[in-house]
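The values are calculated or read from the model by the stated rules, or taken from the named source; none is laboratory data. Treat the numbers as computed from the prediction; the structure is a model and nothing was measured. For neighbour counting, all protein chains shown are included, and Cβ atoms are generated from backbone atoms with ideal geometry for every residue, glycine included.
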Amino acid sequence: MDEFANQDDPSDFVTLIPMSPAVISLRSVDSTNSELIRRCTGGSVVPWTVVVASEQIAGRGRLDRNWQSEPGSGLWCSVLVDISGCETPTWLPLVAGLAVFDACTRLGATVELKWPNDVIANGAKLGGMLIESAGAPGQWVVGIGINVTRAHFPNSVALADLCGNAPEITTLLAEVVQSLHAHIESWRNAGWDTSDPSARYHSVCSSIGANVHITRPNEAPFDAQGLGLDEYGHLVVARSGDRREIVLAADVVHATIKSCTPKNS
């Protein structure tokens, strides 16, 4: 059943998401990120505006991977955030990952993060994020996809599998946006210092301390151990022979956790 109608009236969401000036709810859209970027390009859009849809017919993940989303089966939304003054915007995907981690945890799911911001449970993917420029300095579109009632891909999982009863998608939307707002504002109030996000991320990311298999474009895949994060939020790994290097999210096609003990087990 569709939770959203084709309308731009945010009144139904005012009490759920008071920090959002507008919640644009759509029954179907190509991609919530694409829709929000179009609106940003076409006129003035206020930070914390949300686009949410029951169905995406051309949802996108990192590196333009398709994100399948049957009507009403999950949360597909995008949020406009402003981090003007932040000198390390490469941390935004990780901070957003922590926000979604917290939202899912509050709803009863036991999850962890796979670098940079996949949300996983027992190695299966629950959700992911795509961060794109909104076209104005300091403004970014944070796209979030979470399987709620069912999962569609191999090795994926839904909140219904983790929580017993699937939460209402509107409830999840409110939890996610409020959590993202709290994390961004806390980061802003700390002068964009990354000490706290870094410590927290290290504690919940299963890629750190794990054996990972990394595939890059135009390069032979390699195995390494995830050691931690650098000052920009990039993953530091050690290949065999203690050859250390920095892995950039934009350059990684796939980073598979080969064997590890889940952080929250």
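Picking from residues in segment 31-53 that are more than 14 Å from residue 77 (Cβ to Cβ) and touching a residue at least 24 places away in the same chain (Cβ under 8 Å), the one that is nearest to the chain's Cα centre (by Cα) is 47.
Answer yes or no: is there a residue in segment 80-89 that is buried (at least 24 other Cβ atoms within 10 Å of the Cβ) and under 12 Å from the mean Cα position of the chain (by Cα). Scanning segment 80-89, I find no residue that is buried (at least 24 other Cβ atoms within 10 Å of the Cβ) and under 12 Å from the mean Cα position of the chain (by Cα), so the answer is no. With respect to the conditions (1) of a type outside the set (D, E, K, R); (2) at pLDDT below 95; (3) in a loop (DSSP other than H, G, I, E, B); (4) in contact with a Gly (Cβ under 8 Å, 6 or more places away or on another chain), residue 85 lacks only one, and its number is (2).
Tell me the residue from 219, 185, 175 that is of a type outside the set (A, V, I, L, M, F, W, C), at pLDDT 90 or above and surrounded by fewer than 13 Cβ atoms within 10 Å (Cβ to Cβ), please.
Working: 219 fails: at pLDDT 90 or above; 175 fails: surrounded by fewer than 13 Cβ atoms within 10 Å (Cβ to Cβ).
It is 185.
Applying the condition of being small (Gly, Ala, Ser), under 22 Å from residue 111 (Cα atoms) and in a strand (DSSP E or B) to segment 222-265 and asking which residue is modelled with the highest pLDDT yields 228. Just so you know, in segment 96-129 the residues that are part of a loop (DSSP other than H, G, I, E, B) and of a type in the set (Val, Ile, Thr) include one that is surrounded by the fewest Cβ atoms within 10 Å (Cβ to Cβ), and it is 110. Residue under question is residue 232, and the condition is that it be closer than 18 Å to residue 90 by Cα, among the aromatic types (Phe, Trp, Tyr) and surrounded by fewer than 17 Cβ atoms within 10 Å (Cβ to Cβ); does it hold? Yes: the conditions hold for residue 232.
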